[in-house]
Amino acid sequence: MERAMAVLKSQGASLVELDKVPTFGQFGRDEYEIMLYEFKDGLDRYLAAVAPEMPVHSLEELIRFNERHAGRELAHFGQEHLQLAARKGPLTDTTYLEARARAAKLAGELGIDAVIGEHRLDALMAPTSGPAHVTDYVHGDRGLGGSSSPAAVAGYPSITIPAGDVRGLPVGLSLFGRAWSEPTLIRLAYSFEQATEHRRAPGFHPSIGA
């Protein structure tokens, strides 16, 4: 990030260092509630359209299928998220609509918009996430977090560009801003991309750092 900031400064950018979007982390509960509703809706619509000979055609049938084949399907993890999603109603439920409205306001108006307005910024910048990590049955995901949630929850534009690598593993830089700020983000991303040329074709290395 320090190298990325130096490049941006060399290209004429004025940077203001911030700790975080003030409302970051406040919309997590609503975000999860929204995910459960939308997961059920999307999965039910998808499964309803699969071929008749397929064994499941709804979320409820999928849960029962997993229970019947628990030795194989549930050998390493449960299906708590599926079961919670199955209890949700349609996307017209007041609970869902209110959660969407709260989350969007916290991430957008009270989050990204507030920070950009207070500091008179063109965009916000943050590491996209840490390098790729190993996922296993003992530790699960071991990611180092990321910066995609505020823009995603607000429905605002976000663009990710290569920012270098850590021992051969690529890392990205994300730029996000207010609604309809795509032209500004594209200009900024293009300038950074042309100044750095960090993008490397992916390879198949036998180990990290190879």
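The values are calculated or read from the model by the stated rules, or taken from the named source; none is laboratory data. Worth saying up front: this structure is predicted, and the values here are computed from it rather than measured. Here the Cβ positions follow ideal geometry from the backbone for every residue, glycine too, while neighbour counts run over all protein chains shown.
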### Tally of residues being in contact (Cβ under 8 Å) with a residue 24 or more places away in the chain and surrounded by fewer than 18 Cβ atoms within 10 Å (Cβ to Cβ) across the stretch 91-101
3
### Query
Cβ-Cβ below 8 Å, separation at least six or inter-chain, first residue in the stretch 59-75 and outside the structural domain of TYR137 (by TED's automatic domain parsing) and farther than 11 Å from LEU47 by Cβ, second of a type in the set (Gly, Ala, Ser) and in a helix (DSSP H, G or I): which pairs?
ILE63/ALA86
### Query
Here are some conditions: (1) part of a helix (DSSP H, G or I); (2) surrounded by 11 or more Cβ atoms within 10 Å (Cβ to Cβ); (3) without any contact (Cβ under 8 Å) to a residue 60 or more places away in the chain; (4) of a type outside the set (Phe, Trp, Tyr). LYS88 meets all but one. Which one does it not meet?
(1)
### Message
Report every pair of residues separated by at least 6 positions or lying on different chains whose Cβ atoms are under 6 Å apart, first residue within the stretch 174-195 and under 9 Å from ILE159 (Cα atoms), second among the β-branched types (Val, Ile, Thr) and in a loop (DSSP other than H, G, I, E, B).
### Response
SER174/THR128
### Query
Is it the case that the stretch 30-48 has a residue that's among the charged types (D, E, K, R) and part of a loop (DSSP other than H, G, I, E, B)?
no
#### Entry: In the stretch 162-198, the residues that are in a loop (DSSP other than H, G, I, E, B) and surrounded by fewer than 11 Cβ atoms within 10 Å (Cβ to Cβ)
ARG167, TRP180, GLU197
### Message
Can you pull out every residue in the stretch 144-159 that is without any contact (Cβ under 8 Å) to a residue 40 or more places away in the chain and crowded, with 17+ Cβ neighbours inside 10 Å?
### Response
SER147, PRO157, SER158, ILE159
### Query
Do we find that GLU53 is over 30 Å from SER147 (Cβ atoms) and either among the hydrophobic types (A, V, I, L, M, F, W, C) or assigned to a loop (DSSP other than H, G, I, E, B) (or both) in this structure?
yes
### Task
Look at LEU15 and say whether it is modelled with pLDDT of 95 or more, surrounded by 11 or more Cβ atoms within 10 Å (Cβ to Cβ) and in a helix (DSSP H, G or I).
no
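Tell me, please, whether a residue that is at pLDDT below 90, under 25 Å from GLU109 (Cβ atoms) and outside the structural domain of PHE77 (by TED's automatic domain parsing) can be found in the stretch 126-145.
yes
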### Query
Which numbered condition trips up TYR46, out of (1) surrounded by fewer than 17 Cβ atoms within 10 Å (Cβ to Cβ); (2) without any contact (Cβ under 8 Å) to a residue 40 or more places away in the chain; (3) of a type in the set (Ser, Thr, Tyr); (4) within 30 Å of VAL21 (Cα to Cα)?
(4)
### Query
Is it the case that the stretch 124-143 has a residue that's part of a helix (DSSP H, G or I) and exposed (fewer than 15 other Cβ atoms within 10 Å of the Cβ)?
no
